[in-house]
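Here is the structure we will look at.
The values are calculated or read from the model by the stated rules, or taken from the named source; none is laboratory data. In this text the structure is predicted, and so the values were computed from the model without any measurement. Reconstructed Cβ throughout: ideal geometry from the backbone, glycine too, with neighbour counts over all protein chains shown. With ligands, DNA and RNA removed, areas are computed over all heavy atoms of the protein, side chains included. Shrake-Rupley method; radii C 1.70, N 1.55, O 1.52, S 1.80 Å.
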Amino acid sequence: MADVKEQTAQAAPQGAASGSPAIQTVDLSKKFGRTVALSGLSMTVPRGEVFGFLGPNGAGKTTSVKLLLGLLRPTSGEAWLLGRPIGDLQTRRRIGYLPELFRYQGWLSAREVLALHCELAPLPRSSWNDEITTALDTVGLTDRAADRVSTFSKGMQQRLGLAAALLGEPELVFLDEPTSALDPVGRHDVREVIRGLASRGTAVFLNSHLLSEVEQVCDRVAVVDHGRVIASGTMDDLLSGTAVKVRVTGLGDAEKGKLASFGNIDDEGDQLTFTNLKPERVPELVAAIVALGGRVYEVAPRHQTLEDRFLQLLEAEEK
Amino acid sequence: MPPILVIARLTVQEASRRRLLLALLILTLIVVGFSAWGFNKITTVTNSNGVTLPAAQVALITSQLLIGVTFMYSGVLALSAAVVAGPLISSEVESGLLLSMLARPVRRSEVVIGKWLGLGVLIAIYAAGSAFLELAAVDWATGYLPPHPVQLVIYVGLEGLALLSLGLLLSTRLSGITGGVIALVAWLMGWIGGVVGDIGTGLQNQAVANVGVFSHLLLPTDGLWRGAMYAMEPDAFLASLRAAGTIARANPFVAVDPPPTSFLAWVVVWFAIMLTLSILSFRTREI
């Protein structure tokens, strides 16, 4: 599949590989039988950026990564990595990948697993020792380097997968839910690793549904749902609105329904969050609540979080 | 090291680290020890006059018993090849083990050939090693050696390799258990098909004999087993079989003739077909 395609496909329309985006897709689609996993994905990820790919479970995030890495065949559309068509073997030398389903040879030690990936990458043998030592140190597995992977916890195996993805200073790294098995300390470490990659100019494609994580490290995001990108842009583009949290009692569902003109409401009982409300409308909102018989205890305008925006986008999509 | 050899080395390394080789070595030594004791008993058997059997008769009995023991070895080899090859690719796809490896500059064909090569080396080592130990034990116990020991090893090894190739092909699409069971059933059906074909030959019924021909074409394990048997039969025994006419061919534990050259040529083609289909199947598999 990929082996054949690499011989025939053309370079990306952006031109020379060195000046081309890290990732470019044009109408990339994937169907499994009648199920549409990805529908017309068109996006560009510039080099050196941390790109967040968000979406609920089953939205098509992992499918997108697998398509880009040549593990799945697109039903239609085209895509390029580092200026070369997907499936190009030589491009894979410059790419790191931590799969969502991370699993490594349990009968090898951590160091041996990384040596295997150095060999497959392939990196010059003289560099293996330094590469492996640095990668193990970066993910905090230096002390367990000689231990068999079968004795590792899930979190440690995920760290090992991250170490494998970092080998050889790749130009583009795919991280598919990289903190799913990690504790808060591990998540913090991963964010530091991502920032480190960004600082040296590596593009990072971060697949995640952990919105706070994405918000903290990504330069640009795309939100995908039901196989389609429903919003994309820089973090500033997406989070330009203001959310207003109101602590209120005395409102029934009927009264809350009458507040719909103030935008999407995240209803958590006595706490209502209006996910996209301009600050100048706050007095008008408070007056309306009081008129409906509500008793207001707290009004807290704040910048919209990625979670606010994400929920707003998905609700709009449902409608 | 090219990816094919890396994958092959990894396959051998896994069998070694998971103690598969150690288990086979211990079991083989136990079987060799018991069979040496059993074969030695043949030389102490006396006839009705209280005299030990003449050397020619010891050789004849030993050759027949050796065929039985070798059938057990080939069974173990076929079983092991099917059980190990069945999940060779499918289990690594299901577990996600191959995801990070296939994201490297590695062709899927290299994964398939590398795994085939690695397991093929293990089969060759087991076939040659166990044959050497068993034949050395029989030689020590009875002074008998089959006429063509090298051919015996080659035929038994190829039988294991055939099961490996079938298991590997199934492993590119089916789960490990399903692929392993299908390969095993195919092996048994192939043997039974060969027996039915022999009966057809013995009874001079072409339609029944053709069952054997078709089964040898579909899965050449039984045809290769017949080559192994032929390599173990002394000339005097072969002469008596030929003298008995076609009816002697109805016995599933004798081979009157060596495998024809056309069959051996087909075996080469069959291996090529299996590997090609495995590569094509895995190339188009979505992971």
Percent of beta bridges antiparallel (DSSP, the protein assembly as shown, rounded to nearest 5): 70 percent
When chain B is reduced to its Cα atoms, the Kirkwood hydrodynamic radius in Å: 20.2 Å
Accessible area buried, both sides summed, chains B and A with 1.4 Å probe, Å²: 3200 Å²
Nearest-10 value in Å² for the accessible area of A:M156, using the 1.4 Å probe: 40 Å²
Rg/Rh (Cα only; Kirkwood hydrodynamic radius) as it applies to chain A: 1.06
The range A:214-278: mean projected area of Cα convex hull, nm²: 5.9 nm²
Anisotropy class of the range B:1-109 from Cα gyration tensor, a/c 1.5 cut: prolate
About the Cα centre, charge dipole magnitude for chain A (Lys/Arg +1, Asp/Glu -1 at Cβ), debye: 640 debye
Cα-based reach from A:K66 at 21 Å (exclusive), listing lysines while leaving out same-chain residues under 8 positions away: A:K5, A:K30, A:K31
Listed residues A:P74, A:P170, A:P301, most fluctuating in chain A (Gaussian network, C-alpha, under 10 Å): A:P301
Partners for A:K245 among lysines (Cα-Cα distance below 22 Å; same-chain residues under 8 apart left out): A:K256, A:K258, A:K278
Whole-number Å³ per residue for the convex hull built on Cα positions in the protein assembly as shown: 210 Å³
Under the span-like rule (Cα at least 20 Å along the axis, Kyte-Doolittle mean at least -1.0), DSSP H helices of chain A: A:125-139, A:184-199
The range A:229-314 - Rg (one decimal) and Dmax (whole number), Cα, Å: 13.2, 41
Partners for B:K41 among aspartates and glutamates (Cα-Cα distance below 14 Å; same-chain residues under 8 apart left out): B:D139
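What shape does the range A:131-172 have by the C-alpha gyration tensor, where a ≥ b ≥ c are the square roots of the eigenvalues, rounded means a/c under 1.5, and otherwise prolate means a/b greater than b/c and oblate the rest?
Here the range A:131-172 falls in the prolate category.
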Rg ratio (alpha-carbon, reference 2.2 N^0.38 Å) - the range A:169-232: 1.13
